[in-house]
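Working notes for the structure below.
Every read-out reported here was derived from the displayed coordinates using simple, explicitly stated rules and does not represent laboratory data. Just so it is clear, the model here is predicted, and its values are computed rather than measured. Here the Cβ is made from the backbone with ideal geometry for all residues, glycine too, and neighbour counts use every protein chain on show.
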Amino acid sequence: MGYAASEPDTTEAASALAIKILIAGGFGVGKTTMVGTISEIRPLHTEELLSERGVGVDDISGVESKITTTVALDFGRITIREGLWLYLFGTPGQDRFWFMWDELAVGALGAVVLADTRRLQECFPAVDYFEQRGIPFVVAVNCFDGARRHDPDKVRRALGLGGVAPIVLCDVRDRESVKDVLTTLITYAVEGVSKD
Amino acid sequence: MTGEDPGPLVRLFGLTGGRARPAGETFDLVAIVTTVSTPVQPAELIPEHFAVLTLCRMPTPVADVAAHLKLPLNITRVILGDLRREGLVTIDRPRPAAQTIDERIYREVLHGLRSL
């Protein structure tokens, strides 16, 4: 039971579709703010319960009993029409939750890697992750108040990026700016080219 | 609500009989859950089952179901796996985004985003 065997030839124009986009980047770079700026609903919050299997990658030497902890997961939604949604998932910022990314990344259309030029190195792991798995991503440089505006080409060189992934400057508090980041990502992910 | 909550973990794993993994094939965070039928003998259903069956009369992604139930994702998935096993909901097979987004959907999404 469950569902019929998949038949690629069948057109399922009426079926519902949720498109998943990940928002990654270092701790405190503005991921939750970005989701909140564009989401039609207050970002939803859920949690994943972790057994000791997940926690085992963390340094918990001396702790022998089974541990269950939770990792928070915030996400937002944009309804394009009934039955067609964009979901934005903020990835857990802490390194010890890397294994959760694998699950989040399955079937994702693409990712936004948020970067703060004052701590650019914090987005390196996310860039590496998406590059290794062939997941389309854009680097969005969040221009905080007081942060110097950087030339996207310099950011590209600093990140060691090839010439393909788009780099955009943005303000995660500004709706138009976030829309611009998302349209750049979707265009890049679907057409394989940068919008500009 | 009377008295003290015995503790969230006790309650949560009580919902799933101690299981942390759903029955059957795994499913994605944004897999779409759709109610097939609501049983005529509702006494066998826990309130969370009812909540899912009511919510998913409109096709609803798994993550939304979790947020709506205010339950962790893996607990939600166990509940959904049980409902699927009973034939009460369907959960669509996750498909790579690149294969599901055709030109028409792509245009729709871009247009929808720009007109927000």
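Data overview
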| read-out | value |
| --- | --- |
| Residue-by-residue Karplus 3J(HN,Hα) for region A:177-182, coefficients 6.51, -1.76, 1.60, Hz, glycine and proline x | 5, 5, 4, 5, 4, 5 |
| Shielding score for B:81-93, defined as the mean number of other chain Cβ atoms within 10 Å | 2 |
| Amide hydrogen neighbours beyond the local backbone of residue A:168, cut-off 5 Å, H modeled | A:139, A:140, A:141 |
| 10 Å Cβ neighbours from other chains, averaged over peptide B:104-116 | 6 |
